[in-house]
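The structure appears below as structure tokens.
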Amino acid sequence: MRIFVGIDLDEAIRGKIARFVEGVSGFAPEARFVRPESLHVTLKFIGEQKPEQVEAVAQKLRGIRGDRFEIRFAEFGFFPTAKSPRVFWIGIHAGPELTALAKRVDDTTAELGVPREDRAYSPHLTLARAGGRSGDPKWREGDGPNSAFGVLQKRLAAMGEIEFGTMTADAFILFQSQLSSAGSKYTKLERFALRGV
């Protein structure tokens, strides 16, 4: 079972992003856009685990404590660079609570032998990938100048700052990810509430 930990988007934010994607996807017809219902803030990708290991992960996650916090979705960018774009993303802005929660999830799952993250936590919402290429934000072999998002970049530059709103993160979720030719399907396995402040 392929699993990860993340924060679900509230429906108002998801709706605004869905309308935005509907309006701009035609400017990058070769790109593969993420279905709006699949959008989430990833805290930790865990990967393939046996059912008993999934239960052990859930048990550990139940012990994590944290307060609710605000997440703002605004701005956009391209990985690895604007001149060599492979991924089109939306910015995620939050206080230190988001990074702290991601670290607690990383530390907790490491106790079960899940490898720790090897780079600093840098949250973003992936909206599209160029062709069938990787969503990894780091520079990869084969990356170089391309026009995959060229028309979209010009259109976005004319729009100015893009704002999708702010939501309260009141829980984090253990998701199952099922891969298919139609894209990934995510199922919520368990929800872990964060405290009110």
Checklist outcome for this item: Scanning region 59-75 for residues that are surrounded by 15 or more Cβ atoms within 10 Å (Cβ to Cβ), within 20 Å of the chain's Cα centre (by Cα) and modelled with pLDDT of 95 or more, the one farthest from Ile162 (Cα to Cα) turns out to be Leu61
Next on the checklist: Being in contact with a helix residue (DSSP H, G or I) (Cβ under 9 Å, 6 or more places away or on another chain), in contact (Cβ under 8 Å) with a residue 24 or more places away in the chain and among the charged types (D, E, K, R) is the filter here; which residues of region 89-116 pass it?
Outcome noted: Glu111
Checklist entry - Does region 28-49 include one or more residues that are of a type in the set (Phe, Trp, Tyr), modelled with pLDDT of 95 or more and in contact with a Ser or Thr (Cβ under 7 Å, 6 or more places away or on another chain)? => result no
Next on the checklist: Looking only at residues that are in contact with a Ser or Thr (Cβ under 9 Å, 6 or more places away or on another chain) and outside any strand (DSSP E or B) in region 154-193, which one is farthest from Phe33 (Cα to Cα)?
Outcome noted: Ser184
Next on the checklist: For region 81-122: of the residues being of a type in the set (Val, Ile, Thr) and either modelled with pLDDT under 95 or in contact with a strand residue (DSSP E or B) (Cβ under 8 Å, 6 or more places away or on another chain) (or both), which is surrounded by the most Cβ atoms within 10 Å (Cβ to Cβ)?
Outcome noted: Val105
Next on the checklist: I'm told Lys138 meets every condition in (1) touching a strand residue (DSSP E or B) at 6+ places or on another chain (Cβ under 8 Å); (2) closer than 26 Å to Phe4 by Cβ; (3) at pLDDT 80 or above; (4) surrounded by fewer than 10 Cβ atoms within 10 Å (Cβ to Cβ) except one. Can you identify the failing condition by its number?
Outcome noted: (3)
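Which fully enclosed strands (runs of 3 or more DSSP E) of region 1-111 have 3 or more residues being of a type in the set (D, E, K, R)? Give the steps one after another, and end with the answer.
Numbers: elements: 2-8, 31-33, 40-48, 69-80, 85-94.
Passing ranges, in order: 69-80.
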Next on the checklist: Taking the criterion of being in contact with a strand residue (DSSP E or B) (Cβ under 7 Å, 6 or more places away or on another chain), modelled with pLDDT under 90, farther than 21 Å from His93 by Cβ and surrounded by 14 or more Cβ atoms within 10 Å (Cβ to Cβ), would at least one residue in region 163-174 satisfy it?
Outcome noted: no
Checklist outcome for this item: By residue number, the members of region 184-197 that are farther than 17 Å from Ile3 by Cβ and either surrounded by 12 or more Cβ atoms within 10 Å (Cβ to Cβ) or at pLDDT 90 or above (or both) are Ala193, Leu194
Item to check | Boolean, Phe78 is surrounded by 17 or more Cβ atoms within 10 Å (Cβ to Cβ) and touching a helix residue (DSSP H, G or I) at 6+ places or on another chain (Cβ under 6 Å) | outcome: no
Checklist entry - Just wondering, is there one or more residues in region 126-135 that are farther than 15 Å from Val34 by Cβ and either in contact with a strand residue (DSSP E or B) (Cβ under 7 Å, 6 or more places away or on another chain) or at pLDDT 95 or above (or both)? => result no
Checklist entry - When you go through (1) out of contact with any helix residue (DSSP H, G or I) (no Cβ under 7 Å at 6 or more places or on another chain); (2) surrounded by 15 or more Cβ atoms within 10 Å (Cβ to Cβ); (3) more than 21 Å from Asp107 (Cα to Cα) one by one for Phe27, which number turns out not to apply? => result (1)
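Would a scan of region 43-50 turn up a residue that is closer than 25 Å to Ala148 by Cα, among the acidic types (Asp, Glu) and surrounded by fewer than 16 Cβ atoms within 10 Å (Cβ to Cβ)?
At the first step, the residues of region 43-50 found to be closer than 25 Å to Ala148 by Cα are none.
So far as region 43-50 goes, no, none of its residues is closer than 25 Å to Ala148 by Cα, among the acidic types (Asp, Glu) and surrounded by fewer than 16 Cβ atoms within 10 Å (Cβ to Cβ).
The values are calculated or read from the model by the stated rules, or taken from the named source; none is laboratory data. As the structure is a prediction and not an experimental result, all values here were calculated from the model. Note: ideal-geometry Cβ built from the backbone for every residue, glycine included; neighbour counts use all protein chains shown.
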